[in-house]
1. Mind putting a number on the dipole of the stretch 29-71 about its Cα centre? Charges go on the C-beta only, +1 for Lys and Arg and -1 for Asp and Glu, and I need it in Debye to the nearest 20.
2. DSSP loop trypsin sites (Lys or Arg not before Pro) in the stretch 159-252 with at most 15 other Cβ atoms within 10 Å of their Cβ, which ones?
3. Starting from the amide H of ASP102, placed 1.01 Å from N in the peptide plane, find each other amide H under 5 Å away whose residue is 5 or more places distant or on another chain.
4. Indicate the gyration tensor shape class of the stretch 388-466 (rounded, prolate or oblate), computed on the Cα atoms with a ≥ b ≥ c the square roots of the eigenvalues: a/c under 1.5 is rounded; otherwise a/b larger than b/c is prolate and the rest oblate.
5. Would you grab the residues whose amide H sits under 5 Å from the one on VAL10? Only those 5+ places off in sequence or on another chain, please, with H modelled 1.01 Å from N.
6. Please grab the % of Cα pairs in the stretch 270-309 that end up more than 15 Å from each other.
7. Using Cα pairs under 8 angstrom and six or more residues apart, how large is the relative contact order of the chain, in percent?
8. Once you have a ≥ b ≥ c as the square roots of the Cα gyration tensor eigenvalues for the stretch 146-259, tell me rounded if a/c is under 1.5, and otherwise prolate or oblate according to whether a/b is larger than b/c.
Amino acid sequence: MAPKKAQVGVVGLGVMGKNISLNLADHGYHTAVYNRTPHVTDEFLDYCRQYEPAWQFVTGFHDLESFIQGIEKPRRILLLIKAGQPTDLTIESLLAFLDPGDVIVDCGNAYWLDTIRRERELRQRNIDFIGSGVSGGETGARFGPSLMAGGTLEAWQKIESIWMSIAAKVDPVTGEPIEGAEPGKPITWGEPCAARVGENGAGHYVKMVHNGIEYIDMQLIAECYWLLKHLLKLPENEIGQLFASWNQGELASYLIEITADILQQPDPHGEGFLVEKILDVAGQKGTGKWTAISALDLGVPANSLAEAVFARYMSGLKQERLQANKIFPDTHTELPSNKSIFQEQIKTTLYNAKICAYAQGFQLLRQAQEAFGWHFDFATLAKIWRGGCIIRARFLKKIASAYEADPELANLLLDPYFSAVIQSGHTAWRQVTASAVLNGQPIPALSSALAYFDGYRSATLPANLIQAQRDYFGAHTYERIDQSRGRHYHLDWSGDRQERQVVE
Ligand code: 6PG
């Protein structure tokens, strides 16, 4: 028999809200659900009664007041609604009925500065607020997402047990995600992919960087597919099989797994493969762009993050690309001669570039924690991304180990394992990049990751000339390599060409 009050409430019955509610119910949480449009609630309850073993754990409400009165105190209310203004409006309407000590958990892809503001405003009204990243899409929400929470310790303690229950789990021995959950049969063992990653907006920031890495990873995979198709002339299903074989090794990841499956899907409406018939214009909801903007704001050279976003914008210029292609048709100078060597080189390239993608993401997180006063445990971040989320990948174990060995590691490229991988792989990466460039194939993510690696490993860069140019036209001064840092000089370029130290 259902208790008088629910243990948790869910506002918003879109795809994510429904699936989180079912996940909660499967784990034995009595869940109150509310949707602004009542018939959505009714339809969901009908569905639950018909198909869900844990249907008795879900109770629906048509008005906000009875929904809130139906939840035990301190109330735990999860918001699964559109980020932005709808979140503010919903919080405002909830406030009329909440009591001090209740906690609101925003599970959307919120902008982290909004989360910082909301947390501050609600704290003043004695309401706790957690901004939690939830990754894994529909299936993740249903059977175990990766959960990245940000908020005070006190607020976290109110939801910790729920977050640990409903999160994806990884096998503590192998570090691999535990699969096989079904309706009514959730996974109840293993290490949960959930953590409190920091205060206020930290959870949403971490989720945003997760999405930024997701953008790069997707773009890298897409570029490898493209090279296999255009330089080796492999058909989609063969590329799919190749990806499936890569998924058995160090590249094993959710994105490689789904790519292998996607590429082998025939077009249900005709000859060939579905992917060939999908319009080459990529959409986006904005989290990748936020990540790239944040990298620019914080001075982090996350070039592949930006390139992955730009690549989607470039895809959007479909009409112009068609026009330009008439003027600059495809040219193939020299296709790779040895198919199996080139395939192996692309595999190596993908792994190397992927390491640089994560290096950029973690470098951004490192900078962000300074800027926003957080203290990330990078090993924990890598661990909670091992299961449930879109970027889950076998090699996250290696990232966790790198940060466990050195929590202050400045960059993944400095870790012994990752540096050894790139030492042995970068020649292949250069060959693939050169081949793509010579054959006119755009590979912004693969090549920008290589530029990142080469920039990062360069003891000297031509920034000396930039400084001289800046000094030439704007008297912006420069430092000298033969003097201590912090001493600034200006040369009178248009006058006597004498150098003087500038004291500010
Ligand atoms: C996740 C995804 C999820 C969503 C992205 C898609 O972690 O579950 O990242 O948040 O699929 O927002 O983003 P784009 O529409 O911008 O590609």
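Bear in mind these aren't lab numbers, they're just calculated from the coordinates by the rules spelled out. Every value quoted in this text rests on a predicted model; they were computed, and no experiment measured them. Reconstructed Cβ throughout: ideal geometry from the backbone, glycine too, with neighbour counts over all protein chains shown.
1. Working: 2 positive and 6 negative charges, 18 e Å.
Dipole about the Cα centre, nearest 20: 80 debye.
2. Details: sites: LYS169, ARG196, LYS207, LYS229, LYS233; in loops: LYS233.
When the trypsin sites (Lys or Arg not before Pro) of the stretch 159-252 are filtered for loop state and at most 15 Cβ neighbours within 10 Å, LYS233 remain.
3. Those lying under 5 Å, H to H, from ASP102 are ARG75, ASP128.
4. Values: a/c = 2.14, a/b = 1.33, b/c = 1.60.
Oblate, since a/c reaches 1.5 and b/c is not below a/b.
5. ALA32, VAL33, TYR34, LEU78
6. Values: 413 of 780 pairs.
Beyond 15 Å sits 53 percent of the P(r) for the stretch 270-309.
7. Relative contact order for the chain comes out at 12 percent.
8. Working: a/c = 3.52, a/b = 1.82, b/c = 1.94.
The shape class here is oblate.
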